[in-house]
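What follows is a set of notes on a single structure, which appears directly below.
The values are calculated or read from the model by the stated rules, or taken from the named source; none is laboratory data. Being a predicted model, the structure only gives us computed values, none of them experimental. Counting neighbours? That spans all protein chains shown, and the Cβs are built from the backbone with ideal geometry, glycine included.
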Amino acid sequence: MRNKILISFLIFSFLPLISLKANEATSLYKNEKFEQAFEIYKQKNIGNPNNPYTLYNMGNCQFRLKNSSLAVLYYAKAFRLLPRNSDIRYNLEFAMNQTGQKLIPDGTPLLLHKIFYLFALSELKALTYTSFWLLCLLLVAAILKKNIRSKIWPPFIYAAAVFAVFFIWGAMRANSRFENAAVIMQSDTPILSGPGENFKTYASLPAGRLVKITDIPGSIYIQIGLPEKGLKGWVEKTALKKI
Amino acid sequence: MSRKEKIGRSAKGGVYKHQASRSQETVTTETTIMKRTKLKKSISCHAAAPPRRRTIVTTIFLTILFSLPLLAKAEMILSASVNKETVAINDTVRLTIAIKSSGRVNDPSIPGMKDFDIYSSGQSQNISFVNGKFSYVLNFSYILTPKHLGKSQIPSIVVFEGNKKRFTSPIDIEVVKPNSNIPPQTVKTLQASPQNEASTEDLIFFTAETDKKSAYINEQIKLSLKFYTAIPLINNPQYSPPKLEGFIAEDLPPIGNGQVNRNGRMYYYNEIKAALFPLDAGTGIINPATINAQVQASSPEYLFGADFFQSFFSGRRGENKQVKSPLLKIKLLPLPEEGKPASFNGAVGDYKVSAMLESTNVKAGEAVNLLLKISGQGNLKTITMPALPELSNFRIYDTVTSLSMNKTNDIVGGEKIFTTIMMPRISGDYTIRPIKFSFFNPKTKTYYEIQTEPLKIKVSKGKAISSSTNYQQNSAMPDYSQIKTIASDIHYILENKKIPLSLKLSEKIASALWLNFTFLLILAGALLFAYINGFRLKNPDLLKSKKAYKKSLKEMREAVKLTDEDRYLDAVSLLHNSLNTFLSAKLRNNIGSLTIKKTIAEIKEKNPNIKAQATEELKNLSDELEMLRFAPSSLDKEKILALIKKYEDTLKFFEKELK
C-alpha cells in the first residue's frame, strides 16, 4: 500500500513535467525546430511507447525533415495503435503515397477498409477475450443450474457469435500488412535469395516500403516478403526497422 | 620577448594574412577547411580588417551559419580518416568523417561493424566562403574499440545528400596485442603549457551575458557571447554553441569584433549574439558555449628565434586550449491570467495589425485574397492566424503564410502576412467585420487587443451557376465542381490528446492471457462437478457403501462419549444400529430383518473370497452386542470400552476384506 502511494505520488509529481515537455515540443514544432521537437517526442515515447499521438507527432517531425521512410514507420506504428483516428490515417496515407505505396489496396472499398481497421488489434483481442469469458460463464451457469438452461440459451448463442466474429476479425488483423511488418530504411535495399552475401540479388526495395517479416530474424539477415508482389527474400537487418 | 611584443606580432601576422588574401576570402570557425586554401582570414584576424569590409564579412558569416539548409546545392566531398592504422586490442581508434557540402546532408549512416564497437564522440562544423561560393564542412568523430586481434576493417560509410548516396572507402586496421611494437603514427600530442607571465585563463577566455535575468514566455532575451584573446591563435577556433534548455534561439547578425583594453591588457574579441525566446515558465538554462583553439606555445625558438612567418611555414608548435562561457540561468515567468483577452493566442511583443482585400469588386464564384498583416517586434514565427469573423456567404480555403523578419538593433521583428483565399457564394455588398488580434506587451506588462478596419467587398453575379445548389433563390451561385485543390500537406501535430480509455483498457485485457486459462479451469471444474453429482444421483447405494465405514467410525466415537456419560445402554444400542447400517450399506440391502447367520450367508454370497475370520469376528461382535442389549445389568464402563475397541477392529478388518 505504501509503495502504491509512493508510485502515485511520483507519477503525479512528474505529470506537470511531462505536460511541460509536450508544450515545449509543440512550440519547437511551431518554430520549425523539427529535430529538437522530435527528440522531445522521442523521450516521451520511451516513457509511454503505446501513445499513438506521440508516434504520430514523431512521424510529422520526420516528414517535415523530409525523411519519408521514418515518417511512414512512425505513422504506421501510430496506425497500429489507433487505426480509426482520421489524422493518423490521413498522414499515413499521405506518406505512403509519397513513397509510391497505397494504404488501401486496389479494389478494396474505402468503407470496408475503414471497418476492417476500426479497432486496434489490442481492442480486438480484448473483445475476443471478454466474449470468451462471457461464453465460459454462461456455460458454467448452464452446467450447474439445469433449471435456467432454457433462459441461458439465447445469450449463449449471441456470445458465441460475438466471440466467433471477433476471433476471426482479430486473426485476420494479426495477419494484416501492419502486423509483424517493417519499413525499409535504405534506398535500393537489395533482396537476396538467401541469408548471405553470396546469394543472388534479385530485386531492390526503395526506402519507406512496407514489408512483412516472414521468419524469425537471423543475426545479420532477416526474411521478408511483399505479398502483393509475390516477392520473398532476405535483407540485412540494418536495412529496415520493425513497426 | 615580453607579452606586449607577442601581441604586436600577432597583430602583424593578422595584417599580413589579410593583405595577402585579397583574391580569396574565407570566414571560418575551425581549422580544417583553412588548410585547403592557400591564404585565409581567421576570426583572430578580423580586428585588422577595414571596418566596412569586416561588417560585410561577418554579416555573410552569420547569414550562412543559420541558413545552411538553404544554400545552393553543389558536389559533396566525403572523406573518412583514422588517427592510427595499427592499434592495440586494449586501445581505441578515432574515426573522423568529414563532409564538405553546400547543401543539406544527413548524418552518416554507420553500419554495424563486426570488428569494432563504435561510439559517437561529437561533431563540429566549419563554414567557408571562397570565390563567391559558400560551403561548409561537417566533421563527425567516432571512437572505435577493436573486438579481436588481426586484420580488421572499417566498412564503407554512407552519407545521403538529398537522394544522392556517397560512400567512404573501407579502411583497414591492424589490431595487435597490447604492448606490441606499434609503428610510430601521427598522433597529436598536447604541448606543455607555456610559462607566460600571466596564466592562460587571463589571456584567453569566453564570456556570456544576457540583457535580462527574467523574462515572460516568448519575450525576447538578448544573449551575447564574447570570445577574448590576448595571445595569437595558430588556427581558427572551433565554436560549439551553447545548449539551450527552455528557449528557442534566433541569431542576431553580424558577428561583432574588435579590440578592447581590459585590465591594462589589449584583447581581440569576437561577439556572437542571439535572441532567445522562452518556451515555458520555469527556469531557462543557457549551458556553456565552448571554443577550442590552438594557441602559440611558448618555446625558446618562438621567443628568441625566427619571426612569425618562419614559424608559420616551418610548422608551429601549439597548445590546444578549450574555453567555456559561464552557465546562465534565467527566470521564465508565465503570462499573467488577469486581463487576458479571449482572442489571445500566445503572441508576445508589440504589434500592429492590418487587413486588405486584393480586390474589392469580384464575381460570385471567383477567388479573392484576404491579406492580414501583423507587424512589429517579437517572435513572429509563433504567431498564428487570428480567427476570422463569420463569413457565411463566403467559402474559406487554405491560408498561406509569409514571414519577413528583421533584426534591427538586435530586436527581432518584422511582418507576417496571412493570405486567405475566399470565394463569395452569392452576389451582394458585404462588409467583413474587424479581425481581432491580441498580444502581451512585456514592457508595459499589459495585454492589448487590436483589430483591423472593416473591409467592404462588392460581389456581382457569377457566370457559372450550379443547378444542384441549395441556394436556388439566388442565380449568382458558383459552380462548385470547378473548385480545385491548390495543395496538399500532412495534418498538423496532435496536441494534448489523451489516449482513449478503450485502448488503455484493451491493452490490459489483451495482456491478461492467463485469465482465459482461469475461465477454462472454472469451466472444467463445473463439468467435473456436474459429472460427480450425476454419478452420485445415479448410484446412491454405492456412495452409501463407500461412506459406511467412515459413518460407523463416527458413530463409534459417539458411543465413546455416551460411555463417558455413563449412558451404557445407549452406547450399546448405538453400536448395534451402527453395525446394522454398516452391513446394510456394504450389502446394499436392508438387513434389519435378517438374522446374523443369514446376513453372513449373504455376505459370503456377494463376496466369495472373504476370509472366514472376518465373518467369525462379525458374528461374535453381533452376538455380544445382542447379549448386552438385552442384559443391561451386566454393563460397566470397561466392558463397553472393550466392546467399542472390538467393534473398531472388526469393522476395520471387514472393510479391508470387502475392498
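In the set (1) loosely packed, with under 12 Cβ neighbours inside 10 Å; (2) at pLDDT 90 or above; (3) more than 14 Å from chain A (Cβ to nearest Cβ), B:E558 fails one condition alone, (1).
Within region B:402-445, being of a type in the set (S, T, N, Q) and either closer than 30 Å to B:K461 by Cβ or surrounded by fewer than 20 Cβ atoms within 10 Å (Cβ to Cβ) (or both) holds for B:S402, B:S404, B:N406, B:T408, B:N409, B:T419, B:T420, B:S427, B:T431, B:N441, B:T444.
For the condition at pLDDT below 90 and within 13 Å of chain B (Cβ to nearest Cβ), what is the one hit in A:L17, A:L55?
A:L17
Taking the numbered list (1) basic (K, R); (2) within 28 Å of the chain's Cα centre (by Cα); (3) within 12 Å of chain B (Cβ to nearest Cβ) in turn, A:R177 passes all entries but (3). Do we find that A:N60 is farther than 17 Å from A:L205 by Cβ, within 9 Å of chain B (Cβ to nearest Cβ) and surrounded by fewer than 24 Cβ atoms within 10 Å (Cβ to Cβ) in this structure? Criteria not met by A:N60. Checked against the criteria, B:E209 does not count as outside any strand (DSSP E or B) and either closer than 19 Å to B:T290 by Cα or free of Cβ contacts under 8 Å to residues at least 40 places away in the same chain (or both). Being under 28 Å from B:Y531 (Cα atoms) and within 14 Å of chain B (Cβ to nearest Cβ) is a property that A:K145 has.
Each row is one residue, and each column tells you yes or no for (1) more than 33 Å from the chain's Cα centre (by Cα); (2) of a type in the set (V, I, T).
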position: B:K381; (1), (2): no, no
position: B:S392; (1), (2): yes, no
position: B:T419; (1), (2): yes, yes
position: B:M422; (1), (2): yes, no
position: B:Y430; (1), (2): yes, no
position: B:F437; (1), (2): yes, no
position: B:T446; (1), (2): yes, yes
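The criterion of being touching a helix residue (DSSP H, G or I) at 6+ places or on another chain (Cβ under 9 Å) and either at pLDDT 95 or above or more than 7 Å from chain B (Cβ to nearest Cβ) (or both) does not hold for A:W133. Just to be sure before I move on: is A:A141 at pLDDT 95 or above, surrounded by fewer than 18 Cβ atoms within 10 Å (Cβ to Cβ) and part of a helix (DSSP H, G or I) in the structure I sent? Considered against the rule, which asks whether it is at pLDDT 95 or above, surrounded by fewer than 18 Cβ atoms within 10 Å (Cβ to Cβ) and part of a helix (DSSP H, G or I), A:A141 comes out as no.
Scanning region A:169-179 for residues that are crowded, with 17+ Cβ neighbours inside 10 Å and among the hydrophobic types (A, V, I, L, M, F, W, C), we see that the one that is modelled with the highest pLDDT is A:W169. Scan region A:28-52 residue by residue and report those that are facing chain B (nearest Cβ under 10 Å) and either basic (K, R) or touching a strand residue (DSSP E or B) at 6+ places or on another chain (Cβ under 7 Å) (or both). Passing the criteria: A:L28, A:K30, A:N31, A:K33. Considering only residues in region B:623-659 that are farther than 12 Å from B:V572 by Cβ and among the hydroxyl-bearing types (S, T, Y), the one that is surrounded by the most Cβ atoms within 10 Å (Cβ to Cβ) turns out to be B:T650. Within region B:59-97, take every residue that is buried (at least 19 other Cβ atoms within 10 Å of the Cβ) and modelled with pLDDT of 75 or more and give me the one that is farthest from B:Q153 (Cα to Cα). The residue in question is B:L78. For region B:212-240, taking the residues that are touching a Pro at 6+ places or on another chain (Cβ under 8 Å) and assigned to a loop (DSSP other than H, G, I, E, B), the one that is farthest from B:P253 (Cα to Cα) is identified as B:I217. The residue that is surrounded by the fewest Cβ atoms within 10 Å (Cβ to Cβ), among those in region A:180-215 that are in contact with a helix residue (DSSP H, G or I) (Cβ under 9 Å, 6 or more places away or on another chain) and away from chain B (no Cβ under 14 Å), is A:N180. Residue count for region A:207-231, restricted to those that are within 22 Å of the chain's Cα centre (by Cα) and at pLDDT 90 or above: 11. Within region B:225-247, residues that are on the phi > 0 side of the Ramachandran plot reach partners that are modelled with pLDDT under 90 and of a type in the set (D, E, K, R) with beta carbons closer than 9 Å, at six or more positions or on different chains, in the pairs B:G246/A:E24; B:G246/B:D280.
Taking the listed residues A:F166, A:F156, the one that is in contact with a Leu (Cβ under 9 Å, 6 or more places away or on another chain), over 30 Å from A:L82 (Cα atoms) and either modelled with pLDDT under 90 or not assigned by TED's automatic domain parsing to the domain that holds A:S68 (or both) is A:F156, with no other qualifying. Confirm whether A:T108 is more than 8 Å from chain B (Cβ to nearest Cβ) and crowded, with 22+ Cβ neighbours inside 10 Å. Criteria not met by A:T108. Selection of first residues in region B:529-546 that are of a type in the set (G, A, S) and of second residues that are part of a helix (DSSP H, G or I) and modelled with pLDDT of 80 or more, restricted to Cβ pairs under 8 Å at least 6 apart or on distinct chains, gives the following pairs, ordered by first then second residue: B:A530/A:I143; B:A530/A:L144; B:S545/B:A585; B:S545/B:K586. With (1) free of Cβ contacts under 8 Å to residues at least 12 places away in the same chain; (2) under 37 Å from the mean Cα position of the chain (by Cα) as the list, and B:N409 as the residue in question, which single condition is left unmet? Of everything listed in (1) free of Cβ contacts under 8 Å to residues at least 12 places away in the same chain; (2) under 37 Å from the mean Cα position of the chain (by Cα), B:N409 misses just condition (2).
Restricted to region B:362-453, the set of strands (runs of 3 or more DSSP E) holding at least 2 residues that are under 23 Å from B:E338 (Cα atoms) and more than 14 Å from every other protein chain (Cβ to nearest Cβ) comprises B:436-441, B:446-451.
For region A:75-85, the condition holds for at least one residue, the condition being that it is free of Cβ contacts under 8 Å to residues at least 60 places away in the same chain, in a helix (DSSP H, G or I) and more than 18 Å from B:S502 (Cα to Cα).
Only a single item in (1) in a helix (DSSP H, G or I); (2) free of Cβ contacts under 8 Å to residues at least 60 places away in the same chain; (3) within 13 Å of chain B (Cβ to nearest Cβ); (4) closer than 30 Å to A:K229 by Cβ is not met by A:S69, and it is number (2).
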